[in-house]
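J.: What follows is a single structure, and I will ask about it in a moment.
The values are calculated or read from the model by the stated rules, or taken from the named source; none is laboratory data. This is a predicted model, so every value here is computed, not measured. Positions of Cβ are generated from backbone atoms using ideal geometry, with glycine treated the same way; all protein chains shown enter the neighbour counts.
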Amino acid sequence: MAENDMASPLQGPGAYALELDGVARHFGALVALSGINMRIAAGERRAVLGSNGAGKTTLFNAVTGDFLPTAGRIRFFGEDITDLPPHERIRRGLRRTYQISQLFKGLSVLDSIFLACRGVSRRRFSLLRPRLNDVNRVQAESILHAVHLDSDRDALVATLSHGQQRQLEIALALAGAPRFILFDEPAAGLSPTERRDLVAILNGLPKHIGYVIIEHDLDVALRVSEYVSMMHNGRLFKEGTPQEIEADPEVQEIYLGGKHG
Amino acid sequence: MTMSLQSTPGATQPNWLDKIGAGHIFLGIALVLYPLVASDFFLTQIGGYSLIFGMLGLSLMMLAGYGGMVSLAQITVAGIAAYCIAIFGDNNSHLLGFGWPWWIAAPVAILIAAIASSLIGWISVRTEGIYTIMITLAIATATFYFAQQNYAIFNGHSGYAGVRAPAFWGVNWRDPKPFYYLCLGFSVLAYASILYGSRSTFGLTLQAIRDNPRRMRALGFNVTAHKVFAWFLAGITGGMAGVLLVWFNGRVSPGTIGVDAAIDVLIIAVIGGLRHPIGPFLGALVVVLMQTFAIDLVGAERFNTLIGLVFLVIVFISPDGILGLWAKFKPNFSQESLRPGL
């Protein structure tokens, strides 16, 4: 077994990046998620599709701990993280982006990415200014380059365009050494050119980094994923390859707004 | 590393004079030379007092401006340090007074104030916005009444009198000039630390938490711990102000930490401006001048009305306080001050 452990999907409990067992979330009488069972291998790239209100973002919130599930267990690379606070999950290699950009409007682009690198590193409480050759600062510079924000490194986040803010969202999720990323509608509001850039960034991620992507744009979703899970009314109701899902009449009925009906 | 990493492209490595900036050097010289022209009254009642309350406002500015946490309990933190000085050092109220030398009593008092501040922070960080204001106001009020009714530690409503500022190196530090320079030294230390710290890793985390705590959690930060640490640091600043305050007044009583005083600190910070650490010192100077001289202008009946009106006018013209007014006349300053921490 000379293979890289993280790359081989079939061994031991750590073979799965993410395992959900009966995960549910109720808001009072409203059932936002119920009985979600999911196995996602390390390095796997999966799309989650479904209409508005299907529970996709609620699923992400349960996994990252933004809002805890009301039932079920969540394991991350074999470790039960159901009861961990969000920051502990992030330090274990989980990352996410938000459907509505969650950024620091009073900070510069570079400082934002620097904080993302420092958050999963040491010296988070340092009262010293980071030096120019600080390891997290150097990492931030290279992420800045990867998401094409070089020319805006010192711009205040509040002054960025919508497209640039979406790029920064992704930059924050790439910081440190991510093992698994949850992308929540990264293409929302992007121009066709920006969408092509996004697809290139996602397909260019190192192979050991798996992700789940929520995306309404099937052109994006089916080009960056190997497997698709369909959600409807808080439940998983169909899984398959992008081709199977695209051809499925029931999926077309629900998701594509009854294309044939 | 290439020069492209420099924040000012094309510029050579700035020397320390450039880093400090012309404004700071000019202000520093003026403050050091101030005793040459000022009477004893203007040195202590205006100069020293403004610097002490400027430091208190600064501790609030750090929490509110960088951390988004508006506290009404900063005077309480200062008061705890002041009571500690009276209890650990000497007083003539015939209660406690351990007689510790100042160089033990002062650091311990500041540390206790900082721990108390952390505790207040730990209680209030579960809340946000107006609820933080309410809970800190409740703590300030409760502490005031507790001090007033407790005779074993706080000596009730009369508090402690006869607290003396230290005398060493042949200098009595309560004399006008030495006391002014003492206040100036502590103020410069607090101001420079917070200005430097605003661009430190922790300073950035604090501003990021102000802007978006949820995202900070999703970047691996323990938001609660960072907020409580901010309260600890603000407590050090507030504690230093409290030590100077009790040395200045020679006494401390529940009146020192009453709700009036708590609101004064808030007014100082808001009038001055919360964007930059210089704001609270400007605000303190304006408030101290008004509280001292309004009574001569409009008489004892109406002086609070005048103070209130000036407060209203400043906030009405410029929600960012005096700093905001300044920015209106100097556009390049406004652009600079938009960058947190300058």
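J.: Can you pull out the helices (runs of 4 or more DSSP H) entirely within the stretch A:37-144 that have at least 1 residues that are surrounded by 21 or more Cβ atoms within 10 Å (Cβ to Cβ) and away from chain B (no Cβ under 14 Å)? Outline the logic, then answer.
T.: Values: elements: A:56-64, A:86-91, A:109-119.
Filter on the stretch A:37-144 gives A:56-64.
J.: Sticking with this one: What residue, of A:ALA200, A:ALA171, A:ALA188, is more than 10 Å from chain B (Cβ to nearest Cβ) and free of Cβ contacts under 8 Å to residues at least 24 places away in the same chain?
T.: Result: A:ALA200 is the single residue among A:ALA200, A:ALA171, A:ALA188 that is more than 10 Å from chain B (Cβ to nearest Cβ) and free of Cβ contacts under 8 Å to residues at least 24 places away in the same chain.
J.: If you don't mind, another one. Is at least one residue of the stretch B:244-254 surrounded by fewer than 21 Cβ atoms within 10 Å (Cβ to Cβ), outside any helix (DSSP H, G or I), without any contact (Cβ under 8 Å) to a residue 24 or more places away in the chain and out of contact with any strand residue (DSSP E or B) (no Cβ under 8 Å at 6 or more places or on another chain)?
T.: No, there is no match, as no residue in the stretch B:244-254 is surrounded by fewer than 21 Cβ atoms within 10 Å (Cβ to Cβ), outside any helix (DSSP H, G or I), without any contact (Cβ under 8 Å) to a residue 24 or more places away in the chain and out of contact with any strand residue (DSSP E or B) (no Cβ under 8 Å at 6 or more places or on another chain).
J.: Separate question: So, B:ARG199, is that one surrounded by fewer than 22 Cβ atoms within 10 Å (Cβ to Cβ), within 14 Å of another protein chain (Cβ to nearest Cβ) and modelled with pLDDT under 95 or not?
T.: Numbers: surrounded by fewer than 22 Cβ atoms within 10 Å (Cβ to Cβ): yes; within 14 Å of another protein chain (Cβ to nearest Cβ): yes; modelled with pLDDT under 95: yes.
So B:ARG199 fits the description; yes.
J.: Identify, by number, the condition in (1) closer than 21 Å to B:ALA114 by Cβ; (2) in a loop (DSSP other than H, G, I, E, B) that B:LEU206 doesn't meet.
T.: (2)
J.: Continuing with the same structure: Please find, within the stretch B:166-203, the residue that is nearest to the chain's Cα centre (by Cα) out of those that are under 30 Å from A:ASP111 (Cα atoms) and not in a helix (DSSP H, G or I).
T.: B:SER198
J.: Same structure, new question: Right, B:THR205: among the polar types (S, T, N, Q), crowded, with 20+ Cβ neighbours inside 10 Å and within 14 Å of chain A (Cβ to nearest Cβ) or not?
T.: So B:THR205 passes the test.
J.: Could you tell me whether the stretch B:276-296 includes any residue that is more than 28 Å from B:GLY67 (Cβ to Cβ), in a helix (DSSP H, G or I) and among the small types (Gly, Ala, Ser)?
T.: Yes, some residue in the stretch B:276-296 is more than 28 Å from B:GLY67 (Cβ to Cβ), in a helix (DSSP H, G or I) and among the small types (Gly, Ala, Ser).
J.: Restricting the search to the stretch B:150-182, which residues are in contact with a helix residue (DSSP H, G or I) (Cβ under 6 Å, 6 or more places away or on another chain) and not hydroxyl-bearing (Ser, Thr, Tyr)?
T.: Once the filter is applied, which keeps residues that are in contact with a helix residue (DSSP H, G or I) (Cβ under 6 Å, 6 or more places away or on another chain) and not hydroxyl-bearing (Ser, Thr, Tyr), the stretch B:150-182 yields B:PHE154, B:HIS157, B:VAL163, B:ALA165, B:PRO166, B:VAL171, B:TRP173, B:PRO176, B:LYS177, B:PHE179.
J.: Further question: Any residue at all in the stretch A:146-167 that's aliphatic (A, V, I, L, M), within 11 Å of another protein chain (Cβ to nearest Cβ) and over 28 Å from A:LEU190 (Cβ atoms)?
T.: no
J.: Would you confirm, using the coordinates I've provided, whether A:PHE125 is on the phi < 0 side of the Ramachandran plot and touching a strand residue (DSSP E or B) at 6+ places or on another chain (Cβ under 9 Å)?
T.: Spelling it out, it is not the case that A:PHE125 is on the phi < 0 side of the Ramachandran plot and touching a strand residue (DSSP E or B) at 6+ places or on another chain (Cβ under 9 Å).
J.: Return only the number of the condition from (1) more than 9 Å from every other protein chain (Cβ to nearest Cβ); (2) more than 16 Å from the chain's Cα centre (by Cα) that B:ASN222 does not satisfy.
T.: Evaluating B:ASN222 over (1) more than 9 Å from every other protein chain (Cβ to nearest Cβ); (2) more than 16 Å from the chain's Cα centre (by Cα) leaves (1) as the failure.
J.: Among the numbered criteria (1) among the basic types (Lys, Arg); (2) assigned to a helix (DSSP H, G or I); (3) modelled with pLDDT of 80 or more, which single criterion is violated by B:LYS328?
T.: If we test B:LYS328 against (1) among the basic types (Lys, Arg); (2) assigned to a helix (DSSP H, G or I); (3) modelled with pLDDT of 80 or more, just (3) comes out false.
J.: While we're on this one: Among the numbered conditions (1) in contact (Cβ under 8 Å) with a residue 40 or more places away in the chain; (2) part of a loop (DSSP other than H, G, I, E, B), tell me where B:ALA114 comes up short.
T.: (2)
J.: Now for a different question. Within the stretch B:179-195, is even one residue crowded, with 20+ Cβ neighbours inside 10 Å, within 13 Å of chain A (Cβ to nearest Cβ) and farther than 22 Å from B:THR44 by Cα?
T.: Yes, there is a match, as at least one residue in the stretch B:179-195 is crowded, with 20+ Cβ neighbours inside 10 Å, within 13 Å of chain A (Cβ to nearest Cβ) and farther than 22 Å from B:THR44 by Cα.
J.: Which residue is farthest from A:PHE76 (Cα to Cα), if the candidates are limited to the stretch A:209-261 and must be at pLDDT 85 or above, under 18 Å from the mean Cα position of the chain (by Cα) and in a helix (DSSP H, G or I)?
T.: Going through the qualifying residues, I end up with A:VAL220.
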